[in-house]
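Here is the structure we will look at, set down as structure tokens.
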Amino acid sequence: MPHDHPPSADDWRRALTRFVTVIPHTRELGLEVLEVTPEATTMRLPWSDDLLGDAARGLVHGGVLTMLLDTACGSAVLPALPAPEVCPTLDLRIDHYRPGVAGRDIIAEARVVRVTASVVFTEGTLWQEAGRPLARGIGNFVRLGPRNTPAGFAEALFAEEHDHA
């Protein structure tokens, strides 16, 4: 990616798609990055029977919701920083409003609330039906800074498709 202009929303969508494709569980579950704007990152987890925690009642496993909020909030961190850096989850709090139900995709929307020198504060929401949130998450991510971010991290995010073997 040329460094003569900041990444566009589409550049970020491709970069975060690459990011969630590298994580084995999000790749296997088919997590899709729908949109990345300065305000929010939106993802879709397509329905799969693998998401069930209570097969008898057709309810999504709570761990799936936690993983999705952690991934969406963590992904929203990257475009909010001056340059991409590794930011592991410091803490994550989930408020569960209602169970996810079988047969419906789950949408995640996350946004950065505040960026400090050491922590990025985020919040996210999950839903299957507009206006009826399943859960809300508050995630805080520690900034490791350039010194602790692997060389080539940003370049790998923005690499062109043909650069991969």
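Numbers at a glance
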| quantity | calculated |
| --- | --- |
| Equivalent ellipsoid dimensions for the stretch 100-165 as semi-axes, Å, which come from the Cα gyration tensor, largest first | 30, 21, 8 |
| Which of ILE138, ILE106, ASN148, positive extreme of dipole for the chain (C-beta unit charges) | ILE138 |
| Alpha-carbon centroids, the stretch 28-64 and the stretch 125-148: separation in whole Å | 13 Å |
| Long-range Cα-Cα pairs in the stretch 9-158 (distance over 22 Å), rounded percent | 37 percent |
| Neighbour-limited loop hits for GluC sites (Glu not before Pro), the stretch 1-98 (at most 12 other Cβ within 10 Å; DSSP other than H, G, I, E, B) | GLU39 |
| Listed residues LEU90, LEU65, LEU134, most fluctuating in the chain (Gaussian network, C-alpha, under 10 Å) | LEU90 |
| Among THR89, THR42, THR116: highest mean-square fluctuation, GNM of the chain, C-alpha pairs under 10 Å | THR116 |
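Since every read-out is calculated from the coordinates, none of them should be taken as a lab result. Keep in mind the model is a prediction, meaning the values are calculated, not measured. Note: ideal-geometry Cβ built from the backbone for every residue, glycine included; neighbour counts use all protein chains shown.
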